[in-house]
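Report on the following structure.
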Amino acid sequence: MRIIFSSQATKYASRKDMKETACYTILANQARGKMSSKPRLHYFDGRGRMEPIRWLLAAAGVEFEESYMEKKEDLTKLRKDGSLLFQQVPMVEMDGMKLVQTRAIANYISTKYNLYGKDLKERALIDMYVEGMFDLNELLLKHGYLPADQKEQHFANMIDKAENRYFPVFEKVLKDHGRDFLVGNQLSRADVQLLEIILMAEEWKPDVLAKFPVLQSFKARISNYPTIKKFLQPGSQRKPLVREEEVPKVMNLFYS
Ligand code: P9H
C-alpha cells in the first residue's frame, strides 16, 4: 500500500509512527479529496445573503458550483436531510462541511484563502470594517425586497447612512494611510466587501461617491484586481440586482 504522502513520513522513528501518520494522512487526504471538490453554494438564483460569499470566493480565485432553490420543496428537502443547522440558507458545502450563517461562511473562506490580514491586529481592523459594511449591505440588500409604501423612507435612511456614516470612514482610512488596500499591503475581505457595497449603493444612487474622491480611485483600482475584474465581467457567477417582479417568487420560497 503506497502511502507516502508527504516527505514528513520518512522522518519517523518507528513503523508505528509511520503507520499512524499514514492513517492520518489518508484521512486528511480523504478529507482533502473531499476538500479538493469545488465549494457548492445552496441558495436561490439571486444575490440575497449569498452574494458576499460569491464575491469572496471569486476574489480568492476559487471556482464554485451553485444549487438553486426554485420552489419551497427544495428548501424543505434541505431541511429534511439535516443540511441546514438553523433551517436557513445560505448554506455552503466545502471541505466536508455544510456551513451556514453568512458571516461564519465568510470568516471561514477569508481565513482559508488568506483574505484576513497578516496578524491579529489587522484581523481586528478588518472585522470592524466588514461588520460595518455588513450593516450597510443589509440596508442596500433589503431595499429591493420592500413593499412600495416603505421604499421612500428606507431609501432616504439607506443613502444617509452610506454618505454620512460608512463611506466617510473608509474615505478617511484610505486617505490617511495612502496605501492601495484598506488594511495592510495585500487584498483582504475588507477591500472585496467595500467594493461590493459601493457598487450596490451606486445602483440606487449613481453619484453616491461624488463627495468621496479617494473611494472613487479605490473602486477603479480594486475593480481591476485580476480575480475581481473577471467576476465583474458579464457571464460571471455574480448575480444581478433583483427585479421587482422576481420578489414574490423569492418570498414564497421562504414565507408561503
Ligand atoms: N443570520 C432574501 C433576500 C434578501 C434578504 C434576505 C433566510 C440569516 C445568515 C427561512 N435566511 C427572506 O428573508 C429570505 C436567513 C439567514 C442568517 C431563510 C427561515 C432571506 C433574504 C433566507 N429564511 O446570515 O445566514 O435569513 O432561510 O425559516 O428563516 S435569505
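Every read-out reported here was derived from the displayed coordinates using simple, explicitly stated rules and does not represent laboratory data. These numbers come from a predicted model, not from an experiment. Virtual Cβ from ideal backbone geometry, glycine too; neighbours counted across all protein chains shown.
Ranked for footprinting exposure by Cβ neighbours inside 10 Å, fewest first, Phe134, Phe212, Phe254 give Phe254, Phe134, Phe212. Highest mean packing comes first when the peptides 39-47, 172-180 are listed by Cβ atoms within 10 Å, giving 39-47, 172-180.
The H on the amide N of Met69, modeled in the peptide plane, is under 5 Å from the matching H of Tyr43, Phe44, Asp45, each at least 5 residues off or on a different chain.
The 3J(HN,Hα) values that the Karplus relation (6.51, -1.76, 1.60; θ = phi - 60°) gives for the range 71-76 are, in residue order, 9, 3, 4, 5, 5, 4 Hz. Gly and Pro appear as x.
Applying 1/(1 + (r/R0)^6) with r as the Cβ-Cβ distance of Lys249 and Lys229 and R0 = 35 angstrom yields a FRET efficiency of 0.65. Loop-located trypsin sites (Lys or Arg not before Pro) across the range 110-147 with a Cβ neighbour count of 13 or fewer within 10 Å are Lys118, with loop assigned by DSSP.
Per-residue Karplus couplings for the range 138-155, computed as 6.51 cos²θ - 1.76 cosθ + 1.60 with θ equal to phi - 60°, are listed in order as 4, 5, 5, 5, 5, 4, x, 9, 7, x, 3, 5, 9, 5, 4, 5, 5, 4 Hz, Gly and Pro entered as x. In a DSSP loop and with at most 14 other Cβ atoms within 10 Å, the GluC sites (Glu not before Pro) in the range 65-142 are Glu70.
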